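This is the structure, below, for whatever I ask next.
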Amino acid sequence: MKFGLTAICLLLALPVLGVLGAWFVPDSGSLDVLRHQASTVLPGYAGQSALLALGVGVGVTLLGSALAAAVALFEFPGRRHFEWALLLPLAMPAYVLAYAWTDALQFSGPLQTALRAAFGLQGALWPDVRSLPGATVLFVCCLYPYVYLLARAALAERAAALLEAARLLGAGTRRRLLDVALPLARPAVVAGAALALMETLADYGVGAYFGLTTFSTGIYKAWLVMNDRIAAAQLASLLLVLVALLIAAERLARRRMRFAAPRGGARAAADSRPHTLHGAAAAAAVTLCVLPVLLGFVLPVAWLGRLLWLEATSSEFGLPLARFAEWAWASFRIAAVSSLAATALALALGFVLRQGRGRALPAAARLLSLGYAIPGAVVAVGILLPVGWVQQRWPEAPLAAIVTGTVVGLLYACLARFSAVALQSVEAGYARLPPALDESARLLGAGTPRLFARVHFPLLRRSALAAALLVFVDVMKELPATLVLRPFGVDTLAVVAYNFARDERLAEAALPSLAIVAVGLVPVLMLARAMRSSGGGGGR
């Protein structure tokens, strides 16, 4: 079993090796291709990606930290509701947010048209949303929860006792916040910002829809438009290096997230009460918390609902409900199979890793855990490139027919990307099971299958359900890999929403977009419920 699991982990890690292998293909002219890219498109890709990453990194750091400090350390009207409401933008895929913002704020949109008519104005009333600054603000609005979630947890766990000590020593509110609370949350903030940047670099939908020249859009263009697989693989490898650096930064920050807590610190955190704000300070805190929720979730969902209602009630009803059912079923089928397979693999890996024997499987599992950080465009190129090499050498080999443009290839890509999500959830569940359980079961005569079926699985049921749900939602939202690898005639909700929006049929894109958001709400609400039940907000 251990050998088979190691082989599966290595098989799912092949897309990364396939991308890196483009540099070692003989007679491929890889250096010539790289020189050509360096003199033509590479500076544009690198420049826009760097500017986008810089803007998003600064934005999510400032906004997420401010929101975490406000909710964890202060009391103001609506604070308990904002604790979970600030997570809602996590359910909104960035490309869906882009569709709603564009339709609402573009030059020919109803808002600008009504304002020009009401006040007699001419020209554009604000900069075009479909731009690099617009994409930066959009990503900040939907990715700040990564920083908010981790920083809030860090402040709730460690800041209470130290803040009280600083208050007793005469430090004012401003000094306690800047010199005590925020430095404590710095590793969590860095980890959250790294996760947000990985999502930004992996994005394809927003970049393609806004006409940006980022690495992800460049990979797609090089492969499918210019038909240059070497250029696509080299761009993918450069993006892979950037993502690897972010992973290293995130793990370094996470390793520093454990601080020595003072004796009784947990009880102090539970018993302490946040500082109560009044007047203008309370109004500022409420405004700070309201705006991200409105811009990142409430208003976009309301606007998409408006588009859907106008389309459904028009005289020329254009929503293809029968085809929508086909798209929804295709999305559900692919997501369900992927989530079940990923959860089963994670349970098997977690059980064998718990035994703690051997080195090959832990190394292969760590390699598999990198999959979630790999952009979908990189996974697609990493799958198609080796298939192309095999097909050139052995034209009769059936590998291309099995992987290219089939459900099998799409499921393989989903497992390569999202098995890490399931494994992380299952490993977190196993971390809560004491080793004495295994020893007691074996002393009572339980063999390996019975140990898992009668002891581990009942205790891991919630973790397994959470793993399956998270993978299900991630597959439903996945766009670039699905766009490249999906079978002919099989469209998912994400692909359909993108195609409609690309053709400026935003009213028709509203229905699949809202369906994706509704599915994404499920894990967000579960996370909010878990946060409330854990009492991590302080002052409860």
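The values are calculated or read from the model by the stated rules, or taken from the named source; none is laboratory data. Bear in mind the structure is a predicted one, so any value in this text is a computation, not a measurement. Positions of Cβ are backbone-derived with ideal geometry, glycine not excepted, and every protein chain shown enters the neighbour counts.
Of the residues that sit in segment 425-449 and are within 29 Å of residue 338 (Cβ to Cβ) and surrounded by 12 or more Cβ atoms within 10 Å (Cβ to Cβ), which one is modelled with the highest pLDDT?
Among those that are within 29 Å of residue 338 (Cβ to Cβ) and surrounded by 12 or more Cβ atoms within 10 Å (Cβ to Cβ), it is 426.
While we're here: Going through segment 190-219 one residue at a time, which ones are crowded, with 23+ Cβ neighbours inside 10 Å and hydroxyl-bearing (Ser, Thr, Tyr)?
200, 204, 214, 216, 217
Could you tell me whether segment 119-134 includes any residue that is loosely packed, with under 13 Cβ neighbours inside 10 Å, assigned by TED's automatic domain parsing to the domain that holds residue 91, part of a helix (DSSP H, G or I) and modelled with pLDDT under 90?
yes
Starting from segment 310-328, take each residue that is at negative phi and list its partners that are modelled with pLDDT of 80 or more and among the hydroxyl-bearing types (Ser, Thr, Tyr), counting only C-beta distances under 8 angstrom and pairs at least six apart or across chains.
Correct list of pairs: 327/492.
Go through 356, 405 for me and flag whichever is free of Cβ contacts under 8 Å to residues at least 60 places away in the same chain and on the phi > 0 side of the Ramachandran plot.
When all the criteria are applied, what remains is 356.
Against the conditions (1) part of a helix (DSSP H, G or I); (2) closer than 30 Å to residue 183 by Cα, where does residue 77 fall short? Just the number, please.
In the conditions (1) part of a helix (DSSP H, G or I); (2) closer than 30 Å to residue 183 by Cα, residue 77 misses (1) alone.
Go through segment 393-467 and tell me which helices (runs of 4 or more DSSP H), entirely inside it, have 3 or more residues that are over 29 Å from the mean Cα position of the chain (by Cα) and not small (Gly, Ala, Ser).
435-443
For (1) charged (D, E, K, R); (2) more than 21 Å from residue 384 (Cα to Cα); (3) in contact (Cβ under 8 Å) with a residue 12 or more places away in the chain; (4) not assigned by TED's automatic domain parsing to the domain that holds residue 381, each residue gets a yes or a no:
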| residue | (1), (2), (3), (4) |
| --- | --- |
| 416 | no, no, yes, no |
| 423 | no, yes, yes, no |
| 435 | no, yes, no, no |
| 440 | no, yes, no, no |
| 447 | no, yes, no, no |
| 458 | no, yes, no, no |
| 491 | yes, no, yes, no |
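Of everything in segment 220-235 that's assigned to a helix (DSSP H, G or I) and aliphatic (A, V, I, L, M), which residue is surrounded by the most Cβ atoms within 10 Å (Cβ to Cβ)?
235
Can you tell me which of 114, 72, 98, 50 is closer than 21 Å to residue 525 by Cα and in a helix (DSSP H, G or I)?
Answer to the check: 72.
Can you tell me which residues in segment 346-365 are surrounded by fewer than 19 Cβ atoms within 10 Å (Cβ to Cβ) and either acidic (Asp, Glu) or in a helix (DSSP H, G or I) (or both)?
348, 354, 355, 360, 362, 363, listed by residue number.
Would it be correct to say that residue 149 is at pLDDT below 80 and part of a helix (DSSP H, G or I)?
It is false that residue 149 is at pLDDT below 80 and part of a helix (DSSP H, G or I).
If you don't mind, another one. State the number of residues belonging to segment 327-344 that are buried (at least 22 other Cβ atoms within 10 Å of the Cβ) and either within 18 Å of residue 13 (Cα to Cα) or not assigned by TED's automatic domain parsing to the domain that holds residue 420 (or both).
The total comes to 4.
Let me ask you something else. Considering only segment 496-511, how many residues are surrounded by 21 or more Cβ atoms within 10 Å (Cβ to Cβ) and under 21 Å from residue 380 (Cβ atoms)?
4
Okay, moving on. For residues that are without any contact (Cβ under 8 Å) to a residue 60 or more places away in the chain and of a type outside the set (S, T, N, Q), scanning just segment 223-237, find the one that is nearest to residue 504 (Cα to Cα).
Within segment 223-237, the match that is nearest to residue 504 (Cα to Cα) is 225.
I would also like to ask the following. Which condition from (1) out of contact with any Ser or Thr (no Cβ under 9 Å at 6 or more places or on another chain); (2) surrounded by 19 or more Cβ atoms within 10 Å (Cβ to Cβ) is the one that residue 110 breaks?
Among (1) out of contact with any Ser or Thr (no Cβ under 9 Å at 6 or more places or on another chain); (2) surrounded by 19 or more Cβ atoms within 10 Å (Cβ to Cβ), residue 110 violates only (2).
Let me ask another. For segment 382-403, check the following and say yes or no: at least one residue is modelled with pLDDT of 85 or more and polar (S, T, N, Q).
Among the residues of segment 382-403, not one is modelled with pLDDT of 85 or more and polar (S, T, N, Q), which makes the answer no.
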